[in-house]
Each structure stands twice: as C-alpha cells, then as structure tokens.
Amino acid sequence: MDHGLFEVDLPNDNSPQSAPTPMSDVQRATIRDLFARIGVNDAKGQFAVVAELTGARISSVRELTSSDANILIKMLTSRAASAGRQQTGNSWDDREEDTWIDRL
C-alpha cells in the first residue's frame, strides 16, 4: 500500500540507530572561552549552566552532543554579550537597539 506524504513511518527494527554526534573540538574550545567570559570556571557550575540552558544533564564533557553544544554556544554568547551591561529590570530601558521613537 502506498503511504501518503504525511503518514507515520513505522520504525524498521533492522535499521541501525545512529548515535548522537559528539561535540567537535572547535565547539569545545568556543564553549570553554564563553564560560571564561561569563566567569563560570568550575566544573560543577559549568554542568549546572549546561543543564539550565540545554536541558541536558551531563556528568562528563564527552556526553555533550553537537546539537546541544550549538544551543549552549548560542545561549552563552548571549549571556557573555549582556554580562558587562548593568540591568535595571526594566525591559524598555535595558533594550539594546534604538526604536523608531529613539530615532525621531
């Protein structure tokens, strides 16, 4: 029987399951640099940040997948960019870019 485009494919028990891709050396170096920029230098703190930002609880750096590393890099980059700015708690005052009102 011909399956439609949106039919659910049943898994084939004979097909090999692909293992998650581990993070690359470049990703590891980037993450190490970003942790240094935000001042999280101990392993316990770094594992806590990884769990907070990616939802992945790891007990070893080798357990971090490439896709989780990409998420972590994006989130850490955002934290590092805002680390030097003082936050007032007011999203209007804390905005990074000028609005059309500011440009008038």
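The values are calculated or read from the model by the stated rules, or taken from the named source; none is laboratory data. All figures in this text were calculated on a predicted structure; none of them were measured in a lab. Methodologically, a virtual Cβ is constructed for each residue, glycine included, from the backbone with ideal geometry; neighbour enumeration extends over all protein chains shown. Surface accessibility is based on the protein's heavy atoms, side chains included, excluding ligands, DNA and RNA. Shrake-Rupley method; radii C 1.70, N 1.55, O 1.52, S 1.80 Å.
Miscellaneous remarks
- Filter pass, ARG32 being open to solvent by 70 Å² or more (accessible area, probe 1.4 Å), touching a strand residue (DSSP E or B) at 6+ places or on another chain (Cβ under 7 Å) and under 30 Å from SER18 (Cβ atoms): no
- Pairs are defined by a Cβ separation below 9 Å, a sequence spacing of at least 6 or placement on different chains, a first member in region 10-32 that is farther than 18 Å from ASP68 by Cβ, and a second member that is modelled with pLDDT of 95 or more; no pair meets this definition.
- Picking from residues in region 56-86 that are touching a residue at least 24 places away in the same chain (Cβ under 8 Å) and over 18 Å from ASP25 (Cα atoms), the one that is surrounded by the fewest Cβ atoms within 10 Å (Cβ to Cβ) is ALA83.
- If you filter region 35-62 down to residues that are of a type in the set (A, V, I, L, M) and under 12 Å from the mean Cα position of the chain (by Cα), you find that the one that is nearest to PRO20 (Cα to Cα) is ALA56.
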